1. Here are the criteria: (1) surrounded by 12 or more Cβ atoms within 10 Å (Cβ to Cβ); (2) touching a helix residue (DSSP H, G or I) at 6+ places or on another chain (Cβ under 8 Å). Tell me which single one residue 285 does not satisfy.
2. Given the conditions (1) touching a helix residue (DSSP H, G or I) at 6+ places or on another chain (Cβ under 8 Å); (2) surrounded by 15 or more Cβ atoms within 10 Å (Cβ to Cβ); (3) closer than 29 Å to residue 320 by Cβ, report the number of the one that residue 278 does not fulfil.
3. Looking at 274, 255, 261 in this structure, which one is over 25 Å from residue 214 (Cβ atoms), in a helix (DSSP H, G or I) and more than 60 Å from the chain's Cα centre (by Cα)?
4. What number of residues in region 36-76 are part of a loop (DSSP other than H, G, I, E, B), in contact (Cβ under 8 Å) with a residue 24 or more places away in the chain and under 58 Å from the mean Cα position of the chain (by Cα)?
5. Of the residues that make up region 234-252, is at least one under 25 Å from residue 284 (Cα atoms), in a loop (DSSP other than H, G, I, E, B) and either in contact with a strand residue (DSSP E or B) (Cβ under 7 Å, 6 or more places away or on another chain) or not assigned by TED's automatic domain parsing to the domain that holds residue 313 (or both)?
6. What residue, among those in region 9-33 that are under 58 Å from the mean Cα position of the chain (by Cα) and in a loop (DSSP other than H, G, I, E, B), is surrounded by the most Cβ atoms within 10 Å (Cβ to Cβ)?
7. In the list 223, 160, which residue meets the criterion of being closer than 30 Å to residue 309 by Cβ and modelled with pLDDT of 90 or more?
8. List pairs: first residue in region 78-103 and modelled with pLDDT under 85, second residue in a strand (DSSP E or B) and surrounded by fewer than 12 Cβ atoms within 10 Å (Cβ to Cβ) anywhere in the structure, Cβ distance under 9 angstrom, at least six positions apart or on different chains.
């Protein structure tokens, strides 16, 4: 409030401009110099002041911004409705602070002597020439910037074109890889179908074997290459008390007359591959025919043994009775 009264007392009007030359604040009597024109609203000071004043103000603003000092312009004239107005114009950078960069103070003063300031009279003709020179400089700078921007755009376009070509090449490679993957997928699908058929066949064969072993009255023991139990038929349990949890144990771990009778034959057959058949008496009048043969799987390197136990007590007694 005090600043406004002092401005009015000394017939001074002050405007605070930002870096874009828009009015941020005003003191004194800005209505004497500012006019709002029809159309889109604007706070640009050069659009609100009279044209002759705008010419001088534009020149002073550019010079103050370029030389970073106060610029004083005297005898600025412009006609109004009844007479010609004459004022002194002063433009001064606001301050060195970061938030004040590019900001200006503009003073409209009644004509008076100025001391300690760089003064220059306002000559419309010379100002117009200077303004034209400034505009030509701006135009040249704009042309240079436009040329640089055009070259940058051209370079960016070339880089974009190269990138696009690389993407196209990459897309072609991906399409080729996709076709190969589809071909491989078809092959895998075919193989999977074949494997499913093989699995089905093996399942049927395994079921047949399981049913044969379950229903067979022949006691049969299957051993692996280390003479450990691999599997056995239910008929074995009538002669030797084996349990499912015994799978994987060495056969010689079981104390049974039949097993003791073939304990020495098992490693020999596993080594030489020659089958052994022998009749063993395991109790009074109890005779068993034991057959030990190598067991091999087609296409596999591991070996094993098949031990078959058959109760021949009845046959042996018949032969003994006939002999007597």
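1. Of everything listed in (1) surrounded by 12 or more Cβ atoms within 10 Å (Cβ to Cβ); (2) touching a helix residue (DSSP H, G or I) at 6+ places or on another chain (Cβ under 8 Å), residue 285 misses just condition (1).
2. (2)
3. Values: 274 fails: in a helix (DSSP H, G or I); 255 fails: in a helix (DSSP H, G or I).
Result: 261 is the single residue among 274, 255, 261 that is over 25 Å from residue 214 (Cβ atoms), in a helix (DSSP H, G or I) and more than 60 Å from the chain's Cα centre (by Cα).
4. Applying the first criterion (part of a loop (DSSP other than H, G, I, E, B)) to region 36-76 yields 36-43, 49-50, 68-70.
Those left that are additionally in contact (Cβ under 8 Å) with a residue 24 or more places away in the chain: 50, 68-70.
Still in the running and under 58 Å from the mean Cα position of the chain (by Cα): 68-70.
The number of residues fulfilling the criteria is 3.
5. Yes, the conditions are met somewhere in region 234-252.
6. Per the criteria, the residue is 21.
7. Details: 160 fails: closer than 30 Å to residue 309 by Cβ.
Step by step, each of 223, 160 is checked, and only 223 is closer than 30 Å to residue 309 by Cβ and modelled with pLDDT of 90 or more.
8. Within 9 Å, the pairs are 78/84; 85/79.
The values are calculated or read from the model by the stated rules, or taken from the named source; none is laboratory data. What you see is a predicted model, and the numbers here were worked out from it, not measured in a lab. For neighbour counting, all protein chains shown are included, and Cβ atoms are generated from backbone atoms with ideal geometry for every residue, glycine included.
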